[in-house]
Amino acid sequence: MPRDDQASRLRRLIQEARDTRTIAICSGKGGVGKSNVCLNLSILLSAAGNRVAVVDADLGLANLDVLVDVGVVANLSHVVAGTHKLIDVVVDLPWGVQLVPGASGLAKMAQLSEFQRAQLLAELVTLEADNDIIVIDCGAGIGADTLQFAAAADNVVVVTTPEPTAITDAYAVIKVLTQRDFKGQISLLVNMVTDRHEARRTYERLADVARRFLGTTVLNGGYMPEDPKVKIAVRERKPFVLTNPQCAASRCLASMASKFCSGGSLVDKREGFFRRVANWLS
């Protein structure tokens with residue numbers, strides 16, 4: 001399909017889509033619990049009465065399907081290749097969440113061509129017609145496709161740990177988004193902390209640097225303590241908010257989820273997500 005025809009089709013689909021809030025979950029480096037946060041946050045948002053879809057947009061190292069132990073017969077790589085429609089790869093999880101699985105271990109998926117991006121977006125736009133909130137599990141780091149998804153979201157949650165390298169890399173994500181003139185809200189979730197005091201120190205340190213050197217406000221997205229119940233749930237391939245809803249990590253993440261619900265402090269809605277991502281075609 002010629003580029004102009006593809007762009008016109010996508011814009012027409014975009015005009016028909018409903019308004020949907022989007023939350024991109026990012027991290028500067030791997031190993032900070034980003035995908036686990038994404039999955040469990042999506043379940044909590046669904047439990048609050050929202051129609052939720054979660055997209056595994058870590059196009060090279062996707063693993064959300066592993067966390068929930070579901071069988072996946074096709075994924076986003078098949079959508080990009082044109083062999084499947086999005087409806088063929090969506091998995092309806094038993095907790096009211098639609099999962100769009102990503103492509104694990106395919107490095108070429110992390111470097112999509114302009115035509116492939118357009119083809120993928122033309123399929124993903126259908127999610128906006130069916131859901132109130134779309135949660136995007138972005139790849140770690142500051143790769144091009146990761147930043148394209150993040151920069152188009154209403155809210156970006158940057159997940160870090162108190163480790164210096166994780167904080168430095170989280171700052172890099174915030175810096176690049178700022179350079180791209182990101183208009184949404186950026187919040188920081190500090191994971192694997194010993195207590196709320198360590199979380200507060202970590203947040204204030206990064207938020208202060210972002211304010212002074214980037215002129216960017218980073219909101220406090222909360223924290224999750226180091227919790228053995230989370231590790232057990234991951235090994236068992238079950239969401240920890242379901243296996244241990246009263247554990248410290250579940251309570252902390254529930255507090256964050258409430259901020260994304262109606263009347264919450266992190267609610268931010270601009271124009272449609274795919275209207276902004278469509279700028280890729282410009």
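The values are calculated or read from the model by the stated rules, or taken from the named source; none is laboratory data. It should be emphasised that the depicted structure is a prediction, and the values quoted were computed from it without experimental measurement. Positions of Cβ are backbone-derived with ideal geometry, glycine not excepted, and every protein chain shown enters the neighbour counts.
Brief remarks follow.
- Residues in the stretch 147-169 that are assigned to a strand (DSSP E or B) and of a type outside the set (A, V, I, L, M) were compared, and the one that is nearest to S42 (Cα to Cα) is N155.
- Residue count, the stretch 183-193 (criterion: closer than 14 Å to T160 by Cα and either polar (S, T, N, Q) or in a helix (DSSP H, G or I) (or both)): 2
- Residue selected from the stretch 134-146 under the condition at pLDDT 85 or above and part of a loop (DSSP other than H, G, I, E, B), by the criterion surrounded by the fewest Cβ atoms within 10 Å (Cβ to Cβ): G141
- Residue that is surrounded by the fewest Cβ atoms within 10 Å (Cβ to Cβ) [pool: residues in the stretch 163-179 that are farther than 14 Å from L147 by Cβ and not small (G, A, S)]: P164
- Residue within the stretch 61-83 that is under 18 Å from A233 (Cα atoms), in contact with a Gly (Cβ under 9 Å, 6 or more places away or on another chain) and part of a loop (DSSP other than H, G, I, E, B) present: yes
- In the stretch 194-221, residue surrounded by the fewest Cβ atoms within 10 Å (Cβ to Cβ) [restricted to those that are in a helix (DSSP H, G or I) and among the acidic types (D, E)]: D208
- Selection count where residues are in contact with a Leu (Cβ under 8 Å, 6 or more places away or on another chain) and either free of Cβ contacts under 8 Å to residues at least 24 places away in the same chain or among the hydroxyl-bearing types (S, T, Y) (or both), scope the stretch 28-56: 1
- Among the conditions (1) over 18 Å from N63 (Cα atoms); (2) at pLDDT 85 or above; (3) among the hydrophobic types (A, V, I, L, M, F, W, C), the only one that A17 does not satisfy is (2).
- With respect to the conditions (1) at pLDDT 95 or above; (2) more than 13 Å from the chain's Cα centre (by Cα); (3) of a type outside the set (A, V, I, L, M); (4) buried (at least 21 other Cβ atoms within 10 Å of the Cβ), N131 falls short on a single one, namely (1).
- Residue in the stretch 93-109 that is under 13 Å from the mean Cα position of the chain (by Cα) and either polar (S, T, N, Q) or at pLDDT below 85 (or both) present: yes
- Which numbered condition S77 misses (of (1) surrounded by fewer than 19 Cβ atoms within 10 Å (Cβ to Cβ); (2) among the small types (G, A, S); (3) at pLDDT 75 or above): (1)
- Those residues of the stretch 249-263 which are touching a helix residue (DSSP H, G or I) at 6+ places or on another chain (Cβ under 8 Å) and not aromatic (F, W, Y), in sequence order: A249, S250, L253, A254, M256, A257, C261
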